[in-house]
1. Which of the following residues is within 15 Å of ligand 1 (Cβ to nearest atom), under 40 Å from the mean Cα position of the chain (by Cα), farther than 30 Å from MET222 by Cβ and modelled with pLDDT of 95 or more: HIS522, HIS542?
2. Name, by its number, the condition in (1) under 16 Å from LEU424 (Cβ atoms); (2) surrounded by 14 or more Cβ atoms within 10 Å (Cβ to Cβ); (3) away from ligand 2 (no atom under 14 Å from the Cβ) that does not hold for THR484.
3. Do we find that ALA238 is more than 20 Å from the chain's Cα centre (by Cα), among the small types (Gly, Ala, Ser) and open to solvent by less than 70 Å² (accessible area, probe 1.4 Å) in this structure?
4. With the condition kept exactly as written, say whether any residue in region 423-431 is modelled with pLDDT under 85 and in a helix (DSSP H, G or I).
5. Please list, ordered by residue number, the strands (runs of 3 or more DSSP E) wholly in region 258-325 having 1 or more residues that are modelled with pLDDT of 90 or more and either farther than 26 Å from GLY243 by Cβ or open to solvent by 10 Å² or more (accessible area, probe 1.4 Å) (or both).
6. Would you mind finding the one in ILE476, ILE465 that is of a type in the set (Val, Ile, Thr), more than 13 Å from ligand 2 (Cβ to nearest atom) and at pLDDT 90 or above?
7. Considering only region 481-537, state which residues are part of a strand (DSSP E or B) and in contact with a Pro (Cβ under 9 Å, 6 or more places away or on another chain).
8. Any residue in region 436-456 that is within 15 Å of ligand 2 (Cβ to nearest atom) and either within 45 Å of the chain's Cα centre (by Cα) or over 22 Å from ARG355 (Cα atoms) (or both)?
Amino acid sequence: MGDDLPFRQLLDVGRVLVSDLDVRAILDRVLNAAREITGAKYAALGVLDETRTELAEFLTVGIGPATRRAIGDTPRGRGVLGVLISDPRPLRLADVSTHPRSYGFPDGHPVVKSFLGVPVMIRGEAWGNLYLGDKQRAREFSDADEAAVVILAEWAGIAIENARLYERSEERRQQLERAVQGLEATRDVAVAIGGATGTERVLELIAKRGRALIDARAVLIMLRQGSDLVVVASAGYATDVSGHRLPLAESTSGQVLSRGRPERIAHVGARLRIAPAELGVPDADTALLVPMLHRGTGLGVLAAFDRGEDGGVFTDADEQLMLTFAASAANAVAMARSVEADRLRSSLAAADAERRRWARELHDDTLQVLGGLRVLLSGALRRNDPTRFEAVMREAVTTIEQGISGLRTIIADLRPAALDELGLQPAIEALLDRRRDADLTITAHLELPEPPSGPPLHAELETTIYRLVQESLTNIAKHAEARTADVSVVASDQRVTVDIRDDGKGFDTGAATEGFGLAGMHERVYLAGGALEIESGPNGTHLRAVLPAGYRSGTARDETRGLV
Ligand SMILES: Nc1ncnc2c1ncn2[C@@H]1O[C@H](COP(=O)(O)OP(=O)(O)OP(=O)(O)O)[C@@H](O)[C@H]1O
Ligand SMILES: [Mg+2]
């Protein structure tokens, strides 16, 4: 008999089913296969609702659109169809109308005589039923038909479960991917802070990364200042409106900040309480406003405008991503601020230490000289001996000269006059010339931008470089007992690298020192945003300072004032 044929057909269907991941396509395939294999005129699939007492969906094959329209409502699962719902087992009837639960067919419904119904189970629970009606060229459905449809129904259950699992794992994969994206974006921000970058740069980075994260066309960062929100950075098509202030009380962003909850806006023009043009995004249509919370305090608001590629309104996923990102951003801002506050504090401390040093030198030097002078002159006056006046005068002039030269040294300390008179490179060369003597050979390699060949370095940076060379050479002369020293200063667009080596006896860099020189060098380099390393051993000492070339004096202070 032809039982062989349905079996092969079944296998073909099975193979396709397990690879299909779209539930609708699976159901269509199952219906068509069931109809073909059994030779039924009609095939239908009813999907149960959550209560498993009614059919929520009813798919058919073999019934044309005109007939379906004529039938009207799809069956809910009463009558014979309901038998399979309350008792999910195969049901085979030669004539449906003879079943006690049958109440006939609705108007327009084709009259169905033979019937085969099989439940579709998923993980042992009834999910729906497969119905076949009116076997062609036979009075009723056979045992083989029933067996084939039972197998099909089983496979359908597996295929549907498979597709659902895939959907779920796909969703999870996408969730993971978004989480990873979010992490990457915040990692960049964290790296920037690790490098103790200024707040301005951190904010710029946050705006850029935030925009890329959810593919917005523009992102603005507004930070709280008193009772206002101030625009501090933007990325994307927004025109720069940095410094623009929005009153907290009268802006949607202000609400977002005070409530600590994000808000999605479909029509910016109608909903945003501040005109989008004021924010530099006059054409904005949709927006996503997210609070930047740090330890429960709202620091500001991240505002994203218009989804880029896909268009449309911002999604739940966008909101989730931005919320996480905004929290890291808030953390970043708080960190950058405290780094800057620290820098400001230490620059004040450095200035204070410098003042104490001048006071000490004025005391030790100039004040001693003046004191000596007073003793000398008042002694001469008391004795009132004109013959000694000339000698006293001569001594006084010498003392005054000493005082003047002492004061000169202190003044020169503030800013080496040579820097202004000569420029950095000649000033260093002159310094090296003064330090060379019979006992110390100094070699040098200087690559410094001198106008007009390149932009000059900032005055503060020049002083720092000059002082590093000066103090190092002083230390070499004072402590190293070296025969040679080598000084290298090389400037590129990004940084200036200062290397000073000697072949002296070295010292223990870890030991506490009484002197001011090394501490002063560390402070200067730190304030310049650079790094100082000293390696020392029995073969000599190597000092290396790397300083960012873009350093401007007062940067830290200006930024802090603007943001706190
Ligand atoms: N190139 C060097 N070779 C050997 N020892 C050094 C060298 N540079 C510094 N030192 C050691 O490190 C100590 C600290 O140096 P630092 O410049 O801080 O203080 P100082 O030179 O003793 O005093 P100040 O610089 O305040 O006049 C020195 O006393 C010296 O022992
Ligand atoms: Mg010293």
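The values are calculated or read from the model by the stated rules, or taken from the named source; none is laboratory data. Note that the coordinates shown come from a computational prediction; the quantities given were computed from them, not determined experimentally. Cβ coordinates were reconstructed from backbone atoms using ideal geometry, including for glycine residues, and neighbour counts include every protein chain displayed. The protein model used for the area step is the full one, side chains on, heavy atoms only, and it has no ligands, DNA or RNA in it. Shrake-Rupley method; radii C 1.70, N 1.55, O 1.52, S 1.80 Å.
1. Values: HIS522 fails: modelled with pLDDT of 95 or more.
Answer to the check: HIS542.
2. THR484 satisfies every listed condition except (1).
3. Working: more than 20 Å from the chain's Cα centre (by Cα): no; among the small types (Gly, Ala, Ser): yes; open to solvent by less than 70 Å² (accessible area, probe 1.4 Å): yes.
No: the conditions fail for ALA238.
4. no
5. On the way: elements: 263-265, 287-294, 297-307.
Ranges flagged: 263-265, 297-307.
6. Numbers: ILE476 fails: more than 13 Å from ligand 2 (Cβ to nearest atom).
Every option except ILE465 fails the conditions.
7. First, pick out the residues of region 481-537 that are part of a strand (DSSP E or B): 484-491, 495-502, 531-537.
Correct list: ALA491, ARG495, VAL496.
8. Of the residues in region 436-456, the ones within 15 Å of ligand 2 (Cβ to nearest atom) are none.
No.
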